[in-house]
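These notes are about the structure you will find just below.
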Amino acid sequence: MGLLSEGSPLSWEETKALADHVREHGVNQFINLYHRLKDRQGDILKWGDEVEYIIVKFDDDQKVARVALRAQDLLAQLNEKELADPNGVKSLWRPEYGAYMIEGTPGKPFGGLMAHFNLVEANMRYRREEVTELLAKDECVMSITNFPRLGAPNFTYPLAQPRPEDPLSSARSLYFPDEAIFPGHPRFKTLTRNIRKRRGEKVSIKLKVFKDTKTKLPVEGAPPGEPDVVLLDAMGFGMGCCCLQLTFQACNITEARRLYDQLAPLCPIMLALTAASPIYRGYLTESDCRWNVISSSVDCRTEEERGLAPLDQQKFKIAKSRYDSIDSYLSPEGAKYNDVPLTYDEKVYQRLVEGGIDHLLAQHVAHLFIRDTVSLFSEKVHQNDNEDTDHFENIQSTNWQTMRFKPPPPNSSIGWRVEFRPCEAQISDFENAAIVCFVVLLTRVILSYQLNFLTPISKVDENMQTAQKRDACRKEKFWFRKSSKTTEQRAAKAQAQALAQAQAQTNGKATLNGNGLANGNGNGSENGDQEEQQQPLTNGSAKMNGHGNGTTNGTTNGTNGSSNGSSNGADSDHTDTDDEENELFQLLSINEIFNGKPNVFPGLVPLIRSYLQSMEVDTDTHCTIEQYLRFIQKRAAGELITTATWMREQVLSHPDYKQDSVVSERINYDLLKRIQGIQEGKQVEPALLGQDYHSKTKTKDFIPPALQKQLAKNGCCEEK
Ligand code: ADP
Ligand code: MG
Ligand code: MG
């Protein structure tokens, strides 16, 4: 969660009165920033992860684990290094919603060399060690998606009691005390209060309990008439969960729009693969993921907007919470899969169109702007719309969707970026690094082979729900696009060409541009170094013909300069017949999606492998990536289980478990102790990570000097 601004938060009444002001100026700011930046070209691939962590405190005498409300104090120490040397640190630390949470990112984004994939895990390990150094012996930093007994009695250290009757309480929760909300920045409590006030009542998060033979119904706190529901009533139950996010920089706005679209259908797929949160408020539930929980935890829609009362005060009925899966595609080839009507204010849309924004982008922004601001600071009310973007960012950053389309910040060297947001946090650095590297590699393959995953939005929505079901990774099927003949031919051709080109060049150092077709510019070929060298994973498939936004025609990328006569970059599935179109979407298992199904889809991992064959990769990086891919293949195949399934098994087989769905203090303690063992590499869990165990990767926290030289030559190491 990006922190917008310091300052004094306005009251809800003041904020509400300024909703239209923020909207109007936010839209103007977007129009202005768009025109300033739409033609920005040639940004190189940069990417980075965000991992959120929970600080846990163990009481080994009582055998109790609690969340430690230490984030503010830890962040003060963690940020000292950054303040002293902002460009020299290896990690950056930011607050998150929970007073027991912190977010860590690499000090600088990773970049354009294959060797960068070998840095991720070491950097994650460094982050964990950096925090651990500041912790007491009985504390532990954990990348778990949810603390299993969050909201159960006495779950915090120090102990804090909820104050549901106190009008000054932000959450007024029965379970989640305000002390568990990060106190160091007013944003978090302000959002909590304003979301509750806008909605007109506390948020209501409902999860079906996992019914075991002795589960007591009604569940404690269940709503009337819904005895099997675990009810959660505060923003903290969702925003107090951890996740794993990724951001990549595209070479220009067209490529960003394309990546946004192509990755959107993969969100539910990655959610299912990374499922890691089956336990809420001390109960085993039917859900394996945090997504619906976090979505409901910030659902500020009124009864009218939710369709429970006729429209009177509000303008629209709104289908989803402001935290949910995306509602529309942004690229021209995505347009025909926008099959769910978008809610937006026609006037806002018209203003954007008159401001020179094309239809798809205008409707996206207009749709984001159906939301009111829920957090406004007095210092930021009046802004210069030609330079500032805070009002735009205010609405943008409180639309928490599976994907985020991020325009360049004002006055920075950062380009158009796309954020991938569905994944749950995994226990070990190995797993988190595997997921991150896999998704970044996938973006390269999408650009190189011009893959097309576009699936109607309604089906992606359906997949989001499927992904959260118990053991969906092994048991469920997902709508997925059958690959067309052209896609497969293109992949095969691109691979053959790249290999041939690589062989033709000295040392096999083809420079690949983003479309994966060696462009034969000779880069690197006359280099005398005999050590390992790598071609940069540059962006740049979307070299545009003509103007910047790429939406006025159906062609996103012209592949100028490739001498190989490949397709013109338009989505060639457009050439499929209607009959083929009807069969285009099939229900596939996670195994089939990742490992392939003959005549339907080659599989995400085989596609990445094929891409890697055409890339020059140093041996250590190769070894590391290979382990990540093998791990992902095994988890997708069900040979390894998801974190969620593993946690369930831990509970069900615990000697203290009473077949009543309750995760007691002792079960919680033992589960977290085991997780601590796993993350420290002391506990081997073959079902989760395989017999050969993880951390045999060759991850390093530096790029070897020989590769470094190459990197400097290719300009991949610029400062942010
Ligand atoms: P958010 O707004 O999602 O909190 P952050 O500022 O925390 O975003 O950054 C998310 C990730 O983006 C980090 O891993 C960071 O390293 C990475 N990042 C920073 N600059 C760039 C860039 N120019 N291109 C791509 N990723 C970047
Ligand atoms: Mg983020
Ligand atoms: Mg962040």
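The values are calculated or read from the model by the stated rules, or taken from the named source; none is laboratory data. These numbers were taken from a predicted model, which means no experiment stands behind them. Please note: Cβ atoms are built from the backbone with ideal geometry, for glycine as well, and neighbour counts cover all protein chains shown. Just so you know, the surface numbers come from the protein's heavy atoms only, side chains and all, with ligands and any DNA or RNA stripped out. Shrake-Rupley method; radii C 1.70, N 1.55, O 1.52, S 1.80 Å.
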*So which of THR302, THR285 is among the β-branched types (Val, Ile, Thr), away from ligand 2 (no atom under 16 Å from the Cβ) and within 29 Å of LEU217 (Cα to Cα)?*
THR285
*Hey, LYS38 within 29 Å of ILE181 (Cα to Cα), at pLDDT 95 or above and open to solvent by 30 Å² or more (accessible area, probe 1.4 Å) or not*: no
_the stretch 103-144 - residue that is within 16 Å of ligand 2 (Cβ to nearest atom) and of a type in the set (Ser, Thr, Tyr) and, of those, nearest to TRP47 (Cα to Cα)_ = THR105
*Output the residue which, of all residues in the stretch 71-106 that are within 12 Å of ligand 1 (Cβ to nearest atom) and either of a type in the set (Lys, Arg) or not in a strand (DSSP E or B) (or both), is least open to solvent (accessible area, probe 1.4 Å).*
GLU96
*Pairs, please: C-beta under 6 Å, at least 6 apart or cross-chain, first residue under 17 Å from ASN399 (Cβ atoms) and aromatic (Phe, Trp, Tyr) and in the stretch 332-361, second open to solvent by less than 30 Å² (accessible area, probe 1.4 Å) and assigned to a loop (DSSP other than H, G, I, E, B)?*
TYR344/ILE370
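Here is a check on your reading of the model: is ALA71 more than 25 Å from ASN539 (Cβ to Cβ), within 16 Å of ligand 3 (Cβ to nearest atom) and of a type in the set (Gly, Ala, Ser)?
yes
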*For the subset of the stretch 207-256 comprising residues that are of a type in the set (Val, Ile, Thr) and over 30 Å from LEU361 (Cα atoms), which member is most open to solvent (accessible area, probe 1.4 Å)?*
THR213
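Residues are listed down the side, and each one gets a yes or a no for (1) open to solvent by less than 20 Å² (accessible area, probe 1.4 Å); (2) within 24 Å of ALA76 (Cβ to Cβ); (3) within 16 Å of ligand 3 (Cβ to nearest atom):
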{"site": "LYS108", "(1), (2), (3)": "no, yes, yes"}
{"site": "LEU113", "(1), (2), (3)": "yes, no, no"}
{"site": "PHE117", "(1), (2), (3)": "yes, no, no"}
{"site": "ARG125", "(1), (2), (3)": "no, yes, no"}
{"site": "SER143", "(1), (2), (3)": "yes, yes, yes"}
{"site": "PRO162", "(1), (2), (3)": "no, no, no"}
*Hey, any hits in the stretch 267-276 for a residue that's open to solvent by less than 10 Å² (accessible area, probe 1.4 Å), away from ligand 2 (no atom under 16 Å from the Cβ) and polar (S, T, N, Q)?*
no
_Members of the stretch 164-206 found to be within 19 Å of LYS16 (Cα to Cα), surrounded by fewer than 20 Cβ atoms within 10 Å (Cβ to Cβ) and aliphatic (A, V, I, L, M), listed by number_ = LEU168
*Listed residues LEU207, LEU191; which is within 16 Å of ligand 1 (Cβ to nearest atom) and under 24 Å from the mean Cα position of the chain (by Cα)?*
LEU191
*Just to be sure, is VAL56 in a helix (DSSP H, G or I), in contact (Cβ under 8 Å) with a residue 60 or more places away in the chain and more than 29 Å from LEU442 (Cα to Cα)?*
no
*Of PHE30, PHE58, which residue is more than 16 Å from ligand 1 (Cβ to nearest atom), in contact with a Leu (Cβ under 8 Å, 6 or more places away or on another chain) and farther than 29 Å from THR190 by Cα?*
PHE58
*State whether one or more residues within the stretch 403-418 are modelled with pLDDT of 95 or more, among the β-branched types (Val, Ile, Thr), open to solvent by 20 Å² or more (accessible area, probe 1.4 Å) and not in a helix (DSSP H, G or I).*
yes
